[in-house]
Amino acid sequence: MRAWYRGARWLWLLWPLSLLFALISHLRRQLFALGLKRVYRAPVPVLVVGNLTVGGNGKTPVVVWLVEWLRAQGYRPGVISRGYGGKSEQYPLVLNDNTPAAQAGDEPVLIYRRTGCPVVVGPGRADAAARLAALGVDIIISDDGLQHYALARDLELVVVDGQRRFGNGRLLPMGPLREGKWRLNSVDAVINNGGPVQSGEYLMTLAPGELRPVSGEGKTPASGTTVHALAGIGHPPRFFNTLQGLGFILDKQIALADHEPMRPAELVSLADKPLLITEKDAVKWSGGHDDCWYLPVQACLPAEFEQMLSKRLKELNHGN
């Protein structure tokens, strides 16, 4: 909701609802903290990647980075996710090579295809974690699981959009916050996507890879080419700016809502030029353009973050 980031005054009309949201959230956390609501403890460590705001902040590249980094350290990681936007007849759902985004959600499918690690989707994080642990993983990454207190966690990482940060700083529905900014004081690390960073935050940058074909059969578009661009992510301008930084000339820029599907009929007007989309949009591609390419990105995190993560994991292993 753009008004959250533009300081719209009419949002004060929602202040009573935000107070109610704060009360309900506090009571819910207390029920889990006091043991009045059941908390599942997985047999392996759980690392949560989440955020304080609704919408995309760059969690998926962090999850992919973690899977690859953990493997390099000798771990067998797996991922659990809510699978937002997907509809399955049964949960938990274990992804395979043929699982469509319409069933599992676009982000879990992207993670599975990029990493090949076990991915389990389900609205019940505890059930998903138990199913994943049974597959033989020795560490679980919970994608967007910060507020899912029914699952115990050992490490918490929060991803913050460096440009938009927390909008007007208000709780839902007056603002974009799921929890107050005080929550940052209890997490293990705050990852800042794109900067500028504030004290104590780790800067993450996204390095673009080579364009890959979605339905493109011709020559790969090169820097200097005039193209159309489409993005259905949390902050589409970030993708458009990346393309311009690579030298592409953007004719039309289509910004969809996060997770919003593309409709082939709506792409007819873009047929005159190559269409560049995000990897997240590519996994739910349903056709409609014969010259479409997606741009993969790779998270880059500082050595200080790796050192912190290594230290925390050693402490966990020592404690076990």
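The values are calculated or read from the model by the stated rules, or taken from the named source; none is laboratory data. Computed from a predicted structure; not experimentally measured. Every residue, glycine among them, receives a Cβ derived from its backbone with ideal geometry; neighbour counts consider all protein chains shown. Please note that ligands, DNA and RNA were not included when accessible areas were found on the heavy atoms of the full protein model with its side chains. Shrake-Rupley method; radii C 1.70, N 1.55, O 1.52, S 1.80 Å.
Brief remarks on what is shown
- Here the condition is being in contact with a helix residue (DSSP H, G or I) (Cβ under 9 Å, 6 or more places away or on another chain), open to solvent by less than 80 Å² (accessible area, probe 1.4 Å), β-branched (Val, Ile, Thr) and in contact (Cβ under 8 Å) with a residue 40 or more places away in the chain; of Val44, Val62, it holds for Val44 alone.
- Gly288 being among the small types (Gly, Ala, Ser), surrounded by 13 or more Cβ atoms within 10 Å (Cβ to Cβ), free of Cβ contacts under 8 Å to residues at least 40 places away in the same chain and not in a helix (DSSP H, G or I): yes
- Among the residues listed as Gly247, Gly232, the single one being among the small types (Gly, Ala, Ser) and closer than 18 Å to Gly55 by Cβ: Gly232
- Single condition Glu68 does not satisfy, out of (1) open to solvent by less than 20 Å² (accessible area, probe 1.4 Å); (2) at pLDDT 95 or above: (1)
- Filter result for Pro264 (loosely packed, with under 13 Cβ neighbours inside 10 Å, in contact with a Ser or Thr (Cβ under 7 Å, 6 or more places away or on another chain) and not small (Gly, Ala, Ser)): yes
- For the range 133-166, residues that are of a type outside the set (Ser, Thr, Tyr), closer than 10 Å to Val46 by Cβ and either open to solvent by less than 10 Å² (accessible area, probe 1.4 Å) or assigned to a loop (DSSP other than H, G, I, E, B) (or both) total 9.
- Note on the range 223-257: residues that are modelled with pLDDT under 95 and in a loop (DSSP other than H, G, I, E, B) total 6.
- Options Gly83, Gly55: the member that is of a type outside the set (Val, Ile, Thr), open to solvent by 20 Å² or more (accessible area, probe 1.4 Å) and out of contact with any Cys (no Cβ under 6 Å at 6 or more places or on another chain): Gly55
- Scan of the range 198-214 for residues that are open to solvent by 70 Å² or more (accessible area, probe 1.4 Å), more than 29 Å from His289 (Cβ to Cβ) and either in contact (Cβ under 8 Å) with a residue 24 or more places away in the chain or within 18 Å of the chain's Cα centre (by Cα) (or both), ordered by number: Leu203
- The range 188-214: number of residues that are under 15 Å from Leu275 (Cα atoms) and out of contact with any helix residue (DSSP H, G or I) (no Cβ under 6 Å at 6 or more places or on another chain): 4
- Filter pass, Ser25 being touching a residue at least 60 places away in the same chain (Cβ under 8 Å), open to solvent by less than 40 Å² (accessible area, probe 1.4 Å) and under 23 Å from the mean Cα position of the chain (by Cα): yes
- Scan of the range 86-95 for residues that are open to solvent by 30 Å² or more (accessible area, probe 1.4 Å) and in contact (Cβ under 8 Å) with a residue 12 or more places away in the chain, ordered by number: Lys87, Tyr91, Pro92, Val94
- Residues of the range 167-194 satisfying the condition of being open to solvent by less than 10 Å² (accessible area, probe 1.4 Å) and either in a loop (DSSP other than H, G, I, E, B) or within 20 Å of Glu306 (Cβ to Cβ) (or both): Met174, Gly175, Pro176, Glu179, Ala189, Ile191, Asn192, Asn193
- Here Glu217 meets the list (1) open to solvent by 40 Å² or more (accessible area, probe 1.4 Å); (2) in contact with a helix residue (DSSP H, G or I) (Cβ under 9 Å, 6 or more places away or on another chain) almost entirely, failing just condition (2).
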